[in-house]
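Working notes, structure below.
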Amino acid sequence: MGLLDLLFGKRKQTVLEAIERGAKIIDVRSPQEFKYGNVDGSINIPLDRLNGSAIKKLKKLNAPLVVCCASGMRSASAKGMLLENGFDEVHNAGGWHKLNRWMNS
């Protein structure tokens, strides 16, 4: 097992375990990006709309969150924002394509 497998394999395992425990997948890409492909069951809340009302909606889900986007940059920002707003368990899955592969392999 290489260093990258060690580093990213742990993230994959953690994300998939969270999903198995009922985590909700939040895709923070734009609606246009989301329309052309997404992870089944994911919720689209663009990063620029991740504000008070969206935060309240997510808190009502009462579940761990997994955030994804196109490459991992916006989802990293979203994770930070969510943690700052009192969420206890937020996982950055990175790109949605990768998350989709993880879930279907």
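The values are calculated or read from the model by the stated rules, or taken from the named source; none is laboratory data. Small disclaimer: the values here were computed from a predicted structure and weren't measured. Neighbour counts run over all protein chains shown; Cβ positions are idealised from the backbone, glycine included.
I'm trying to understand the selection: among the residues of the range 48-92, which are more than 19 Å from T14 (Cα to Cα) and among the charged types (D, E, K, R)? Within the range 48-92, D48, R49, K56, K57, K59, K60, R74, E84 meet the criteria. Summed over the range 93-103, the residues that are surrounded by fewer than 21 Cβ atoms within 10 Å (Cβ to Cβ) and either of a type in the set (K, R) or closer than 10 Å to K12 by Cα (or both) give a count of 4.
When E17 is tested against the conditions (1) assigned to a strand (DSSP E or B); (2) free of Cβ contacts under 8 Å to residues at least 24 places away in the same chain, the lone failure is (1). All conditions but one from (1) at pLDDT below 95; (2) within 11 Å of the chain's Cα centre (by Cα) apply to F8; the one that does not is (2).
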